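In what follows, a structure is listed as structure tokens, so that the remarks can point back to it.
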Amino acid sequence: MMTFSLWDIVRNLLIGGALTLLLSLVAFALGGATGLLVLFARIGKWRAPRALAQMHIELFQGTPLLLQLFTLFFGLSLFGLDVPAWLAAGLGLTLFTSAFLAEIWRGCVEAVPRGQWEASACLAMTYWEQMRHVILPQAMRLSIAPTVGFAVQVVKGTAVTSIIGFAELTKTGSMIANATFQPFLVYSLVALGYFILCYPLSRYAQALERSFHAAR
Amino acid sequence: MPLVSTNRLHKFFGTNHVLRGIKLDVEEGEVVTIVGRSGSGKSTLLRTLNGLESIDDGVIEVDGATLEVDRADASALRNLRQKVGMVFQQFNLFPHLSAGQNVMLAPQVVKRTPKKEAEEIARRMLERVGLAEKFDAFPDQLSGGQQQRVAIARALAMSPRVLLCDEITSALDPELVNEVLGVVRQLAGEGMTLIMVTHEMRFAREVSDKLVFMHEGKIHESGHPQAMFAKPATAEFASFIGSLN
Ligand SMILES: Nc1ncnc2c1ncn2[C@@H]1O[C@H](COP(=O)(O)OP(=O)(O)OP(=O)(O)O)[C@@H](O)[C@H]1O
Ligand SMILES: [Mg+2]
């Protein structure tokens with residue numbers, strides 16, 4: 001039987017952790033960009049895009065992430081599309097993230113008082129001028145804390161992709177645990193890995209929240 | 001030809017018939033004050049004049065810019081709004097921008113005025129309302145009266161032909177009312193066309209060329225303020241004056 005040194009375990013987990021980080025970053029970046037489009041569709045004047053955005057949000061908020069991944073992974077292969085685990089993981093988390101961020105941001109845009117819309121309209125600004133110079137800057141300040149908070153959810157959400165076989169931190173952990181017969185040690189290290197990724201984010205979110213309340 | 005003119009103006013909120021055929025002409029340089037009981041449609045009338053409320057019938061004309069039912073597209077609105085400035089009861093300054101930036105924003109964005117020139121305009125406008133030294137202050141560092149004066153400067157920076165003021169002193173502590181009224185008085189003296197709604201009846205009598213009494217969505221009585229107060233023509237206006245003191 002092969003023996004594993006602690007360093008072997010840690011080294012493999014570091015690779016898994018790097019993939020977790022990468023997946024989180026990709027999902028967050030692409031999900032953020034998509035979320036922005038969904039947001040503008042959702043709060044815009046046009047009916048069809050608004051309904052579509054609403055459906056998108058409800059679908060991805062209303063079903064478990066796990067099932068979204070299964071559907072992508074197995075569903076697409078029904079159509080003869082061979083989806084690799086990393087693609088299904090990235091796509092699934094991106095869609096999931098876009099729905100939640102769009103909804104978080106919509107709340108922030110709607111929290112900007114109506115008087116701000118009216119005052120800028122009176123100055124003859126167009127919708128996009130109002131958005132860009134008056135509404136979004138204020139909404140963005142409001143959104144920083146909840147957005148960073150949600151980033152923590154995304155990092156933890158990546159663990160679910162282990163089920164479809166994507167070798168991120170959790171999947172790597174379970175493989176090593178099976179091979180070493182040291183599940184407690186390995187899963188403790190895995191948990192530590194998530195903690196190291198998430199703790200700074202949640203502290204950052206808290207600090208932002210506090211500075212925001214102090215400023216207003 | 002009047003600078004501002006409305007005809008057959010009707011507005012519904014659902015089944016609530018709020019404006020019932022308003023005909024109002026305002027000459028250039030005229031100061032018009034609209035009074036009336038709560039709910040009589042004063043704010044709604046002002047807000048239709050720059051398209052903040054859509055109309056259900058009638059026509060609005062300001063200095064050649066026309067707004068008609070079914071013809072209130074974005075460009076017609078933008079055209080109208082460049083000629084009509086508005087100041088609100090709640091100031092509505094942009095909280096993320098300094099006083100100077102509040103004033104500079106619309107000239108830069110809407111009129112494409114270069115930044116340097118916009119800044120000069122902003123400094124001039126802030127000086128006009130007595131706040132030259134507050135250029136870099138943020139709204140939450142200013143008193144209510146100062147904020148309202150910045151809001152006036154912001155509206156003036158677009159060089160509107162007419163300024164609408166909806167109860168602009170009603171949200172202020174009593175000791176701050178006069179500094180804002182002072183600015184309005186000064187604007188009136190400079191020949192600015194003003195249409196305002198106010199509860200400051202003494203001030204209205206002093207500066208207005210014309211008083212308009214609204215009652216149930218109509219202009220019930222209008223004329224020179226001194227004459228109207230001396231001799232109300234309708235029982236409703238008489239009772240309105242009576243209720244003031
Ligand atoms: N956005 C709105 N939606 C529905 N009804 C409205 C709206 N705005 C005003 N109204 C109604 O229209 C009528 C006239 O309101 P308006 O605000 O013009 O009155 P006002 O004369 O300005 O009163 P006040 O002196 O209280 O400011 C009222 O019955 C009011 O309830
Ligand atoms: Mg009102």
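Overview of values
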read-out: Inter-chain shielding of A:125-136 (mean C-beta neighbours from other protein chains, 10 Å cut-off); value: 3
read-out: Given charges at beta-carbon only (K, R positive; D, E negative), |dipole| of chain B in Debye; value: 260 debye
read-out: Summed residue charge, Cβ within 10 Å of A:Ser162's Cβ, Lys/Arg positive, Asp/Glu negative; value: 0
read-out: The stretch A:169-202 versus the stretch A:75-121: alpha-carbon centroid distance in Å; value: 29 Å
read-out: Length-normalised contact order for chain B - Cα pairs under 8 Å, 6+ apart - percent; value: 25 percent
read-out: Projected label distance in nm at B:His199 and A:Tyr199, using a 7 Å step from Cα toward the beta-carbon; value: 5.7 nm
read-out: Average accessible surface area per residue within the stretch A:6-215, 1.4 Å rolling probe, Å²; value: 52 Å²
read-out: Most positive-pole-ward Cα, B:Ile60, A:Phe28, A:Ala121, against dipole of the protein assembly as shown from beta carbon charges; value: A:Phe28
read-out: Mean ellipticity per residue at 222 nm, deg cm²/dmol - from DSSP H runs of n ≥ 4 across chain A, formula -39500 (n - 2.57); value: -26500 deg cm²/dmol
read-out: Set of the stretch B:173-193 residues, backbone N closer than 17 Å to the point 7 Å along the Cα-Cβ line of B:Ser143; value: B:173-184
read-out: Convex hull per residue volume in Å³, alpha carbons only, for the stretch B:6-88; value: 102 Å³
read-out: Spacing of the two label points (7 Å from each Cα toward its C-beta) at A:Tyr127 and A:Leu21, in nm; value: 4.2 nm
read-out: The stretch A:1-75 shape via C-alpha gyration tensor axes, a/c threshold 1.5; value: prolate
read-out: Cα convex hull of the protein assembly as shown - mean projected area over all directions, nm²; value: 29.5 nm²
read-out: Global form of chain B, assessed from the alpha-carbon gyration tensor, a/c cut-off 1.5; value: oblate
read-out: Positive-end residue of A:Ala48, A:Gln61, A:Ala159, charge dipole of the stretch A:6-215 with Cβ unit charges; value: A:Ala48
read-out: Residues whose placed amide H lies under 5 Å from that of B:Gly21, excluding near-sequence neighbours; value: B:Leu9, B:His10, B:Lys11
read-out: Simple label model, 7 Å out from Cα along Cβ direction - A:Ala179 to B:Glu27, nm; value: 9.5 nm
read-out: Computed [θ] at 222 nm, deg cm²/dmol, chain B (DSSP H ≥ 4; -39,500 (n - 2.57); rounded to nearest 500); value: -11500 deg cm²/dmol
read-out: The stretch B:185-245: GluC sites (Glu not before Pro) falling in loop per DSSP and having at most 12 other Cβ within 10 Å; value: B:Glu190
read-out: Overall form of the stretch B:182-230 per C-alpha gyration tensor (a/c, 1.5; a/b vs b/c); value: prolate
read-out: Separation between Cα centres of the stretch B:164-202 and the stretch B:76-91, rounded to whole Å; value: 17 Å
read-out: Cα-centred dipole magnitude for the stretch A:6-215, charges only on beta-carbon of K, R (+1) and D, E (-1), debye, nearest 20; value: 340 debye
read-out: B:Met196 long-range amide H proximity, modeled H, under 5 Å; value: B:Val32, B:Thr33, B:Ile34, B:Cys165
read-out: Percent of beta bridges antiparallel (DSSP, the protein assembly as shown, rounded to nearest 5); value: 55 percent
read-out: Relative contact order, percent, the stretch A:90-146 [alpha-carbon distance under 8 Å, six or more residues apart]; value: 45 percent
read-out: Normalised contact order of the stretch A:6-215, rounded percent, pairs of Cα under 8 Å and 6 or more residues apart; value: 30 percent
read-out: Residue-averaged beta-carbon neighbours from other chains (10 angstrom radius) around B:74-83; value: 2
read-out: Chains A and B together, accessible area buried on both sides, 1.4 angstrom probe, square angstrom; value: 1800 Å²
read-out: Accessible surface of chain A, 1.4 Å probe, proportion on carbon and sulfur as whole %; value: 72 percent
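The values are calculated or read from the model by the stated rules, or taken from the named source; none is laboratory data. As the structure is a prediction and not an experimental result, all values here were calculated from the model. With ideal geometry, Cβ positions are generated from the backbone for all residues, glycine too; neighbour counts draw on all protein chains shown. Keep in mind that these areas ignore ligands, DNA and RNA; they rest on the heavy atoms of the full protein, side chains included. Shrake-Rupley method; radii C 1.70, N 1.55, O 1.52, S 1.80 Å.
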